[in-house]
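Q: Structure provided below as C-alpha cells; questions to follow.
The values are calculated or read from the model by the stated rules, or taken from the named source; none is laboratory data. All values reported here derive from a predicted model rather than from experimental measurement. Here the Cβ positions follow ideal geometry from the backbone for every residue, glycine too, while neighbour counts run over all protein chains shown. Only protein heavy atoms, including side chains, enter the accessible area calculation; ligands, DNA and RNA are left aside. Shrake-Rupley method; radii C 1.70, N 1.55, O 1.52, S 1.80 Å.
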Amino acid sequence: MKTFWFIVGSQFLYGEETLRQVEENAKTIAKGLKTKYPVVYKGTVKTYDEAMRLIKSANYEEECLGVITFCHTFSPSKMWANALKALQKPWCHFHTQFYDEIPNEEIDMDYMNLHQSAHGDREHGFIGTRLQKKRKVIVGHWQDPKTSVAISNWQDVVAAVNESKSLRVIRFGDNMREVAVTEGDKLEAQTKLGWQVNTIGVGALVEEIKAVTKAELNAKLAEYKKNYVLNTDNLASIEYQAKAEIAMKKILDENNAKAFTNTFEDLYHMEQLPGLATQNLMKMGYGYGGEGDWKTAAMTRIMKAIGKVATFMEDYTYDWKQGLILGAHMLEVCPSIAAAKPKIEVHHLGIGGKDAPARLVFEGKQGNAKAISLIDLGNRFRLIALDVECVKPTKSMPNLPVARVMWKPLPDLETSAACWLIAGGAHHTTLIYDLSLEFLRDFTNLLDIEFVHIGKDADPYVLEQMMKNNDIYYRLRG
Ligand code: MN
C-alpha cells in the first residue's frame, strides 16, 4: 500500500519523558489525519545518523510516496541538512502543533519545551530554504478538517508525479506531418518527466487486429450495447472499432503503457481511424493524443490516474457573439465527460481516406474545468493552463457528427485567446474538470517545469513580462 512517511524532529536536550511524549503525540497526529493516503509515523529524528537512516530508507522504499516532517520540539537543523539534501521523494513540511490552544494553569517551561513547533519548525524552514530544497509547506492544526484536505490535495500531486515518473506512452505510427506543436524532445521528457515514449509500427497493430477472436469481439460488442445507444445500422464499422480497441489494449498492456497516440496520416492497412475504440480506451483510463501528440496523451493519462474526469480536447470553432469556444476533435473525445448516454454513430470522415469510422457522439457536461497544454520550448517545458466554464451547448448542432463541449474561457474569449497565443499553447489540450490551480502549481513545481496560468485576472502584458523573467531563470540555471 502506498503511504506517506511522517518523520518528526526533536533532540535529546529535554530528556526521555519529553521524547516519549513527542513519539506518542506524533503517532496520534498521524492516525488522526483523515487523508487520501495513510500518513505513517516512522520515527523521531534526534541525531544526524537517525535523519540519514530514515531519509535513505524513504528513498529506497517503493511504497513510500513522500515524506512529511514536523518539528514537535526544536530540532537543530545541521543534523538534518545532509539527509534532506539526499532526499529524493517529495517533501511536505507540515507545520502544526499538538494542542490547538494555550492552556492557562498548566503552562510552564516543560509545556513550552514540548510544544514548540512555532520555534522548531522555523529552524526547519530555514534549512529547507538554505538548501534550496523543494517542499510543500502546509500549515494548520492537525484536527482541523481543512488541514487533512490540504495534505490530501498534496498527496494527489505526489501521486500524479509518481504516475508521470513511470509512465509509458506508445505511439502507433508517427506524428501528423509538418505539425510543429506535437513535436518535442522525447529524451528530455523522459529525464525530466519520466515518460518513456516509444513507437510501435502500425503493421504490428494490424496483425493484432486480425488476431482478435470471435469471443473477444462479442464481449466487446455487448459492452458497447450496454454503455451506449446504438444509432446506426452499420454494425461492420462498430465491429472494426471493437477489434481495433481490443488490439490496441493488448499492445498497451503487454508494454505496460497507459497512454497512446495515432494519426490519420499513418494508418497503413488499417480500415478506419480508431474513433469509438480510442474513446472507450480513454474511458477505461488510458491517455490519448491525436495526430501523434504524445505530450497531451501523457498529460491526459496522468490526470486520469488520480481519478480526474479528463479528456483529450481541441479548440475548434468560436462563437464570438457569446464569447464561447466549441471544443471537439475529429473523433476522439472521452465519454467520461458526457452529460448523457453517448450514441454510437457512423459517419464519413472528411480526411484520411479510410472507411467511415464508428464514434461516440455526445455533449460534454457543465462545470468548471481547466484546459492544459504542455509545450517544448527547446530549453524547457511549459505547462499552460486556462480556466474555463463548460456550459450546455447553446445550439443543438444536429449535423455535427462528433462529441462536443462548449466553454467560456476566462476572463473572456479575447483576453484568454491573446494570452494563450502569447504563451504558445497548442490547439490540443487535456480538458480536466474540477482541478485546482494549487494542484497545477505544485505539480509543475515538483516536476521542475514552467507554469503559466490564464484565469480571471489574466493580462497579456503581465504574462509576457513574467515569461521574459522565467526565460532568464531557465537560461541562467541551464
Ligand atoms: Mn487534432
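Q: What is the distance in Å between the Cα centres of the stretch 159-181 and the stretch 376-438?
A: Computed from Cα coordinates, the inter-centre distance equals 20 Å.
Q: Excluding same-chain residues fewer than 8 positions from LYS365, which lysines have a Cα within less than 20 Å of its Cα?
A: By straight Cα distance, LYS365 reaches LYS283, LYS304, LYS308, LYS341, LYS343, LYS392, LYS395, LYS408.
Q: On a 0 to 90 degree scale, rounded to 10, what angle separates helix 460-477 from the longest Cα axis of the chain?
A: Approximately 70 degrees, to the nearest 10.
Q: If you don't mind, another one. Going toward the positive end of the dipole of the chain, with +1 on Lys and Arg Cβ and -1 on Asp and Glu Cβ, which of ASN104, TRP5, GLN322 do you reach last?
A: Positive-end residue among those listed: TRP5.
Q: Next question, about the same structure. When only Cα pairs under 8 Å and 6 or more residues apart are kept, what is the percent relative contact order across the stretch 166-477?
A: Dividing the mean separation by the residue count of the stretch 166-477 yields 17 percent.
Q: For SER152 and TYR48, what does the FRET efficiency come to when R0 = 35 Å and r is the distance between their Cβ atoms, rounded to the nearest 0.05?
A: Rounded to the nearest 0.05, the efficiency is 0.65.
Q: Summing Lys, Arg as +1 and Asp, Glu as -1, what charge do residues with Cβ under 15 Å from the Cβ of GLY289 carry, GLY289 excluded? Walk me through the numbers before you get to the answer.
A: Values: positive: ARG168, ARG171, LYS186, LYS258, LYS295, ARG301, LYS304; negative: ASP174, GLU183, GLU265, ASP266, GLU291, ASP293, GLU314, ASP315, GLU332, ASP376.
Residues close to GLY289 contribute a combined charge of -3.
Q: Give me the base-10 log of I(q)/I(0) for the stretch 421-478 at each q in 0.13, 0.17, 0.19 Å⁻¹, Debye formula, one uniform scatterer per Cα, rounded to two decimals.
A: -0.40, -0.70, -0.88
Q: By how many degrees, between 0 and 90 and to the nearest 10, does the Cα long axis of helix 145-165 differ from the longest principal axis of the chain?
A: The two axes meet at around 60 degrees.
Q: Taking amide hydrogens as modeled 1.01 Å from N in the peptide plane, which residues meet the under 5 Å criterion relative to VAL45, leaving out close sequence neighbours?
A: VAL8, GLY9, SER10
Q: Right, next: Arrange the residues LEU235, LEU383 by how much accessible surface each exposes, largest first, with a 1.4 angstrom probe.
A: Numbers: LEU235 90, LEU383 0 Å².
These residues rank, largest area first, as LEU235, LEU383.
Q: Separate question: List the residues whose amide H sits under 5 Å from the amide H of LEU377, counting only those 5 or more places along or on another chain, with H placed 1.01 Å from N in the peptide plane.
A: Under 5 Å from the amide H of LEU377: ARG382.
Q: Using +1 at the C-beta of Lys and Arg and -1 at the C-beta of Asp and Glu, which of ALA160, ILE472, HIS72 has the Cα lying farthest in the positive direction of the dipole of the chain?
A: Farthest along the dipole direction, towards plus: ALA160.
Q: Something else now. Whole angstrom only: what separates the Cα centroid of the stretch 231-305 from the Cα centroid of the stretch 84-109?
A: When both Cα centres are located, 48 Å separates them.
Q: Students often get this wrong: which residues of the stretch 400-417 have the backbone nitrogen under 20 Å from the point 7 angstrom along Cα-to-C-beta of VAL462?
A: Residues passing the 20 Å test: 409-417.
Q: Oh, and also: In deg cm²/dmol and to the nearest 500, what is the mean residue ellipticity at 222 nm of the chain if only DSSP H runs of at least 4 residues count, each as -39500 (n - 2.57), divided by the residue total?
A: -12500 deg cm²/dmol
Q: Could I have the simple spin-label model distance between LYS392 and ASN59, label points 7 Å from Cα toward Cβ, reported in nm to one decimal?
A: The answer from the label model is 5.7 nm.
Q: For the chain, report the accessible area per residue in Å² (1.4 Å probe, heavy atoms, rounded to an integer).
A: I get 45 Å² per residue for the chain.
Q: Would you work out the charge dipole size for the stretch 3-164 about its Cα centre, treating the Cβ of every Lys and Arg as +1 and the Cβ of every Asp and Glu as -1, and quote it to the nearest 20 debye?
A: My answer is approximately 900 debye.
Q: A further question follows. For the pair ALA204 and ALA340, how long in nm is the line joining their label points, each one 7 Å along Cα→Cβ?
A: So the label points at ALA204 and ALA340 sit 4.2 nm apart.
Q: Here is a follow-up. Place a +1 charge on the Cβ of each Lys and Arg in the stretch 166-477 and a -1 charge on the Cβ of each Asp and Glu, then give the dipole magnitude about the Cα centre in debye, rounded to the nearest 20.
A: 800 debye
Q: Once the other residues with Cβ under 9 Å from the Cβ of CYS92 are scored (Lys, Arg +1; Asp, Glu -1), what is the net sum?
A: It works out to a net charge of +2.
Q: Based on the Kirkwood radius over alpha-carbon pairs, what value in µm²/s does the Stokes-Einstein equation return for the translational diffusion coefficient of the chain at 10 °C and 1.306 mPa s?
A: The calculation lands on 65 µm²/s.
Q: Here's a follow-up. Quick one: net charge of ARG359's neighbours, Cβ under 15 Å, K/R +1, D/E -1? Write down the numbers at each step before the final one.
A: Numbers: positive: LYS283, LYS341, LYS343, LYS354, ARG404; negative: GLU239, GLU245, GLU271, GLU314, GLU332, GLU345, ASP355, GLU363.
Taking every other residue near ARG359 into account, the sum is -3.
Q: Here's another thing I want to ask about it. Rounding to the nearest 10 and keeping the result within 0 to 90°, find how far the Cα-based axis of helix 235-254 lies from the longest principal axis of the chain.
A: Approximately 30 degrees, to the nearest ten.
Q: Now, a different point. By how many nm would the segment from LYS192 to LEU476 lengthen if fully extended, with 0.36 nm per residue of separation less the alpha-carbon distance? Before the final figure, lay out the partial values.
A: Working: separation 284, 0.36 × 284 = 102.24 nm, distance 1.76 nm.
Here the segment from LYS192 to LEU476 would lengthen by 100.5 nm.
Q: In whole percent, and with a 1.4 Å probe on the protein chains, what portion of the accessible area of the stretch 242-392 is carbon and sulfur?
A: The C+S portion of the solvent-accessible surface of the stretch 242-392 is 47 percent.
Q: Give me a comma-separated list of calculated 3J(HN,Hα) values for the stretch 302-307, in order, Karplus coefficients 6.51, -1.76, 1.60 applied at θ = phi - 60°, integers in Hz, x for any Gly or Pro.
A: 4, 5, 5, 4, 9, x
Q: Each residue of the stretch 194-210 in order: what ³J(HN,Hα) in whole Hz does its phi give by Karplus 6.51 cos²θ - 1.76 cosθ + 1.60, θ = phi - 60°, with x for Gly and Pro?
A: Working through the residues one at a time gives x, 6, 9, 10, 9, 9, 10, x, 4, x, 5, 5, 4, 4, 5, 4, 5 Hz.
Q: How far is it, in nm, from the label point at LYS321 to the one at VAL139 when both lie 7 Å from their Cα along the line to the Cβ?
A: Roughly 5.1 nm, to one decimal.
Q: Which lysines have a Cα less than 21 Å from the Cα of LYS85, not counting those fewer than 8 places away in the same chain?
A: Correct list for LYS85: LYS42, LYS46, LYS56, LYS133, LYS134, LYS136, LYS165, LYS192.
Q: Right, here's the next one. Say R0 is 51 Å: what FRET efficiency, to the nearest 0.05, do LEU437 and VAL229 get from their beta-carbon distance?
A: 0.90
Q: Continuing with the same structure: Give the residue from LEU230, LEU383, THR35 lying farthest towards the positive end of the charge dipole for the chain; charges sit on Cβ (+1 for Lys and Arg, -1 for Asp and Glu) and the dipole is referred to the Cα centre.
A: Result: LEU230, furthest along the dipole toward the positive end.
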